[in-house]
1. Residues being assigned to a helix (DSSP H, G or I) and either modelled with pLDDT of 75 or more or more than 46 Å from the chain's Cα centre (by Cα) (or both): count how many of those fall in the stretch 1-55.
2. Testing Arg92 on (1) within 30 Å of Tyr255 (Cα to Cα); (2) modelled with pLDDT under 65; (3) of a type in the set (Lys, Arg); (4) not in a helix (DSSP H, G or I), one condition comes back false. Which one is that?
3. Would you tally the residues in the stretch 179-203 being surrounded by fewer than 17 Cβ atoms within 10 Å (Cβ to Cβ) and under 17 Å from Asp309 (Cβ atoms)?
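The values are calculated or read from the model by the stated rules, or taken from the named source; none is laboratory data. Note that this is a predicted model, so its numbers are computed, not measured. A quick note on method: Cβ atoms are made from the backbone with ideal geometry, for glycine too, and the neighbour counts reach across all protein chains shown.
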Amino acid sequence: MLEGPKVSQSELAKRFGVSQPQICRIIKNKERILSEWHRNGDPERKRKREGKDAALEAALLRWVEGAPAADLPISSSVLQLKAKHLAEALGRPSLEPSGSWLARFEAHHSLAFKKPPSEKGDAEQPTAEQWAGVVLPSLLRSYAPSEIYACGETGILLLASSPSKGESAGNRLTLLLCTNANGSEKIPLWVVGESPRPHCLRGINLEQMPWSYHSSSLANMTIPLFTEWLRDFNEGMRHRGKSVLLLIKHEAHPYLQLSNVRMVFVPQATTLAQPMDRGITSDFKGHYQRRLLRWQLAERDTEQPTLLDVLHMLAQAWGDVRPGLITNCFRAAGVGLNTSTEATAPSLLSPEHRVLMDQELERDGEPVDGVEGMVEGEDVAEPAVQPCPSEREVWGSLATLRRYLEFRATSPDLFQAFYELEDVVHVVSAN
C-alpha cells in the first residue's frame, strides 16, 4: 500500500483505525519492520513481543549466527548448554534455560536443528540392558583395549595465593581427563581456569609443558574449548595412523564427524557409569591431595603454591594413576578387556619407594635441615669437606632445575624424568 499511489497518513489512519503518529512511526521504520517480518517467517504474526530475557536471547542469537563461520556444531542440547554459559557470563547464574524456553527461542527466530548423528544401535536410545548387553559389545568388538578411550571432566578448588605473587587465576580449575582402556596412554591434562594470562605462566614454553592451560568465564569447559580438544585429539591420532573409540558422557557436548575418532555417547539411562567415574577420577584427586600436602610440608614459608606449582602437581598426580586401576575401572563400567596389557614405561621408583613416599606424610617430626659441622683432619692445609646440603637447599635446586626446563625444555617427556627425580629426593628425605 505504501508503494502504490500516494495516500496521506491521515487517510491511512482513518482506514485502519489507528492514530496518525503511529502511521508515521511505521513508515519511518519500514525497512526494520519488513526485515524482522521476513526473518520471523510467520506471515500471520501481528505483534512483536520481546522475550523475558532479551539480553540472553540477543547474545545467544549472535552466537548461533557466528557458529557456522567457526565450524561449530549446533543442536538443541548444545544450544541449551551455551545459553546456560551465557546466562552465567551475564551475571545470572541462577537462570536455567529450560526446554520450553529453548523451544520458544527456536520458534521465535525460526531455528531448526538436526539431531546429531547417532552411533549404530544408539538411534533409538536403548535401555540399560540393551546398551550393556548388545550395543556396547558390538561397538567394542572392532577395537583393541589400547584403542578404546574415555574422557571426563572434574574440578578442583585452588588455595588462595599470596597477593605478592601478582596473579589471580580464580578459585577453581576444570580438568579434562582422558585415557585408554589398558592405561598404556594417558592424554596430557587439559586445564581450564578463569585468567587468560596468569602472571606465573608468562615467559615459559607452554607448548612443551606436560599439561595444556586454557581460560574461559568461570573456568568452564565451554563448547568451543571441548571442540578444540576433540580436534587436537583427532589430529594426534591421525598423525599416528590410529583409529580409536571415544566414550563420552551423554551430556551437552558437540558431536563431530572426525577422521580417526569415533565418538560414542553413553546413554543417561544406563546404570553403568562412565569409566572415569568408576574410580579413575577419585584416584587422581587422591594423588593430587597427597602431593599438595607434601609440598606444604616441604615449604617453610607461609606462601601458597602458585598456579604453575598446581599445574605441575596435577600432571604428577595424573602420572601416579596406575594402569591396573584404569583397567579395573573400565571393566567395572562394562568395557570387558583381555587380561594381557601393553607394557608401560618403567619408573625410577620401586613399589617400596612409593610406600615410603606415603609414609613420609605421616611423620610427626620436622624434616632435618642439614648436617652441621665438618670432618676435621689433622692437616689444616687440606680443603674442608663440603657439608651435606640442607633440605631447603635441595628444594631450591630442584625449583631452579624445574624453572630451567620450563623455559628450555624441548619435549614434555623431560618433565616426567624431572618428576621422578623429585620423587626420589623425597624418598631419600623420608629416610
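1. Filtering the stretch 1-55 for residues assigned to a helix (DSSP H, G or I) gives 9-16, 20-28, 30-40, 54-55.
Filter again for either modelled with pLDDT of 75 or more or more than 46 Å from the chain's Cα centre (by Cα) (or both), leaving 9-16, 20-28, 30, 54-55.
Going through the stretch 1-55 one residue at a time, the tally reaches 20.
2. All conditions are met except number (2).
3. 4
Per-residue answers, yes or no, for (1) of a type in the set (Gly, Ala, Ser); (2) under 24 Å from Ala399 (Cα atoms):
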site	(1), (2)
Leu173	no, yes
Ser184	yes, no
Ile187	no, no
Leu201	no, yes
Ala219	yes, no
Ile223	no, no
Asn234	no, no
His239	no, no
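So that you can scan it fast, the table gives a plain yes or no per residue for (1) buried (at least 19 other Cβ atoms within 10 Å of the Cβ); (2) modelled with pLDDT of 95 or more; (3) within 15 Å of the chain's Cα centre (by Cα):
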| residue | (1), (2), (3) |
| --- | --- |
| Leu177 | yes, yes, yes |
| Asn205 | no, no, no |
| Gln208 | no, no, no |
| Ser215 | no, no, yes |
| His253 | yes, no, yes |
| Arg262 | no, no, no |
| Gln268 | no, no, no |
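For (1) surrounded by 13 or more Cβ atoms within 10 Å (Cβ to Cβ); (2) under 30 Å from Glu185 (Cα atoms); (3) modelled with pLDDT of 85 or more; (4) of a type outside the set (Phe, Trp, Tyr), each residue gets a yes or a no:
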| residue | (1), (2), (3), (4) |
| --- | --- |
| Gly324 | no, yes, yes, yes |
| Phe330 | yes, yes, yes, no |
| Glu352 | no, yes, no, yes |
| Val385 | no, no, no, yes |
| Val394 | yes, no, no, yes |
| Thr400 | no, yes, yes, yes |
